[in-house]
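The values are calculated or read from the model by the stated rules, or taken from the named source; none is laboratory data. Nothing here was measured: the structure is a model prediction, and the numbers come from that model. Note that each Cβ is placed from the backbone with ideal geometry, even for glycine, and that neighbours are counted across all protein chains shown. Just the protein is used for accessible areas: all its heavy atoms, side chains included, with ligands, DNA and RNA removed. Shrake-Rupley method; radii C 1.70, N 1.55, O 1.52, S 1.80 Å.
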Amino acid sequence: MTDGPDDDLQRPGPDSPGDGEPLDVQGGGQSAGLPAAGEHEGHSVTPLGNPGVLHWQKSYISRPGLEDRSSVFFAAVEMTRMPMVVADARLPDQPIVFVNRAFLDMTLYEEEEILGRNCRFLQGAETDPDTVAEVRNALREQRAIAVDILNYKRDGTPFWNALFIGPVFDESGGEQLYWFASQVDITQRRTSERSMQQAQKMEAIGQLTAGLAHDFNNLLQVIAGNLELAATRTGGDDLLKRAIENADRATQQGAKLTQHLLAFARKQRLDPKRINLNTLIVEFSDMLLQTMSDDVDLRLDLKPGLPSCTVDPVQLEMALLNVLINARDAIRGQGQGQGQGQDQRQGQGQCQAQDGVSKGGRVTVATATLALDGNAPAHHLSPGQYVVLCVHDDGPGMEPEVLRRATEPFFTTKEPGTGLGLSMVHGFVQQSNGRLEIESEAGSGTTVRMLFPVDVERAVPPQPDLVPQGAPAPDAQTILLVEDSDDVRGLAEGYLRGLGYRVLSARSGEEALAVLEARGAAQETDRESVRESVRSPGRDPVDLLFTDLVMPGGMSGLVLVQRVRERFPDMPVLLTTGYTDELASNNPASNNAASNTVFGPSVQILNKPYRRTELADRIRATLNSARSKG
């Protein structure tokens, strides 16, 4: 675009400004500039949403000086919300000679504190030296540059600055007169991007972790089951018996490890109940006191009238215990990592530390309420009412890098340590539709806060079993076992036959449906009359479907149950798994409760690895539930 008779300046000769570059001439030759033509000058965020074509990367002016401030263009510079700076390239150290009012608003400096200084005064301790070097190289080469750089306001607050700098030459192009710079505060954008990247990273780790835990649970099931069988055949060999007991303890530790991994991945099976946090903390206080050492003072600050929430109380107790152990270790100087943080005292008033520190240190367990409305996005939660469980310690706190990685699995600064404590807490709180928040600063202690939605619904009391737990299973009943792992299926068959059941086996959901279809006539006839008249193995009705949840191929355990229920709506079902992500995605409201709303109360869930007695109890519970429904 041009203005005036000098259209030929668009392609100047060798003695013209721009050295043959196609310039955009304005004001009848008063100024000209080199259009960006789609070229981005660096790696910073562009406010245009694209590299841009028409804006100038460098410019040429015919009248240097800043004295004329009478035109609409100066008014536009002062009215824009984009901070702008002009530095004199002809003076030593290239000092700032002009800033607009938006720049003062962004940096909180007064104008007289800025003029005459080099722009580097905005840099600070965490400013990336490589980015600074990149800017210096561009200045030395008199070319435009665009970078994202960490700068600091007058009060010391850091902010991310999307900085653009471009040179301004005289009309001949022989002398550089000024540097022009514009900037945008992109702190919120950078924070959001970092949160998104961290969330994606944690989700990827979670998916990998859950898959490994599922396969590992199958291996543990085979090991634990065979150890249980071997233990019945030791006779009087005490050495063999001790060896089996040691191996069994190792298997149990492996099972706990997989549960921790699944907790981090938010794929463990929860049994949520409507509870009051104050009641849980008081009832659990003896265990909390035993966890603390003599030199650590434990205090409770519980808000009266706290509303209830729906969480798994056992998992919440374990989460609270993990946080308290971290706090204790931080105070005692045994850890510099995951249990250290800073108290939050900004406006909400919860979790305030009290005076009178003991000789070792203090840990405060507090509860509070929190109403989220317009501030809900800052907590990454939906608007509504929340209850807060807060643990504050006055330990040494965390460095920023340690705080950033605090919930990553296997990250620890404690020796010895597994690095699964806070990752398990994080996964449990997320799976409970809540939020884990950790604030820390070296030398200022820690605050760990767990936020859970307030529950306004009434709890439904559990239904008692019709048959006592110790009652033997009726040996006339038939169970259809569906398991893709040959080893696990063989072990389960041995368990079931040992318990007196008839067993039909299938390797997949498709095979299971074929077995049921072959017995369809028997299934759809009155069951008692069938039992009296039909006793051939090929015609026995199936009394219970016992299936793995996660199976390869197109039919998972849940899809199989849905297909079975379409044909046999009253079929009792027992699901077994060490990985309940699919169950949660199909029924988020139930949060993996054993009696879930999708399939009804006659569906039970058995965690892998399981023992023979656990299998027997769960089968009885499933059959009892179906019988009470009938």
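Counting the residues of region 109-151 that are touching a strand residue (DSSP E or B) at 6+ places or on another chain (Cβ under 7 Å) and over 24 Å from Y178 (Cα atoms) gives 4.
Of everything in region 166-185 that is of a type outside the set (D, E) and within 21 Å of E113 (Cα to Cα), the residue that is surrounded by the most Cβ atoms within 10 Å (Cβ to Cβ) is Q183. Residue-level analysis places V314 among those that are surrounded by fewer than 18 Cβ atoms within 10 Å (Cβ to Cβ) and at pLDDT below 85. Scanning region 286-309 for residues that are open to solvent by less than 50 Å² (accessible area, probe 1.4 Å) and polar (S, T, N, Q) returns T291, S293, S308.
Scanning region 250-275 for residues that are under 25 Å from the mean Cα position of the chain (by Cα), open to solvent by 20 Å² or more (accessible area, probe 1.4 Å) and either modelled with pLDDT of 80 or more or closer than 23 Å to S308 by Cα (or both) yields a count of 7.
Scanning region 136-161 for residues that are β-branched (V, I, T) and open to solvent by less than 20 Å² (accessible area, probe 1.4 Å), we see that the one that is nearest to T107 (Cα to Cα) is I149. When the residues of region 503-519 are filtered to those that are in contact with a Leu (Cβ under 8 Å, 6 or more places away or on another chain), outside any strand (DSSP E or B) and of a type in the set (A, V, I, L, M), the one that is farthest from D486 (Cα to Cα) is L516. Selection of first residues in region 202-230 that are open to solvent by 30 Å² or more (accessible area, probe 1.4 Å) and of second residues that are of a type in the set (A, V, I, L, M) and modelled with pLDDT under 65, restricted to Cβ pairs under 8 Å at least 6 apart or on distinct chains, gives the following pairs, ordered by first then second residue: I205/A265; Q207/A265; L212/L261. In this structure, A247 does not satisfy being at pLDDT 80 or above, in contact with a Lys or Arg (Cβ under 8 Å, 6 or more places away or on another chain), surrounded by 13 or more Cβ atoms within 10 Å (Cβ to Cβ) and over 25 Å from S423 (Cα atoms). Taking first residues from region 63-79 that are more than 17 Å from V168 (Cβ to Cβ) and partners that are open to solvent by 60 Å² or more (accessible area, probe 1.4 Å), the Cβ contacts under 7 Å between residues at least 6 apart in sequence or on separate chains come to E78/R101. Of all residue pairs spaced 6 or more apart or on separate chains, those with beta-carbon atoms under 8 Å, a first member in region 141-170 that is part of a loop (DSSP other than H, G, I, E, B) and of a type in the set (K, R) and a second member that is at pLDDT 90 or above and surrounded by fewer than 16 Cβ atoms within 10 Å (Cβ to Cβ) are K153/L108; R154/L108; R154/E113.
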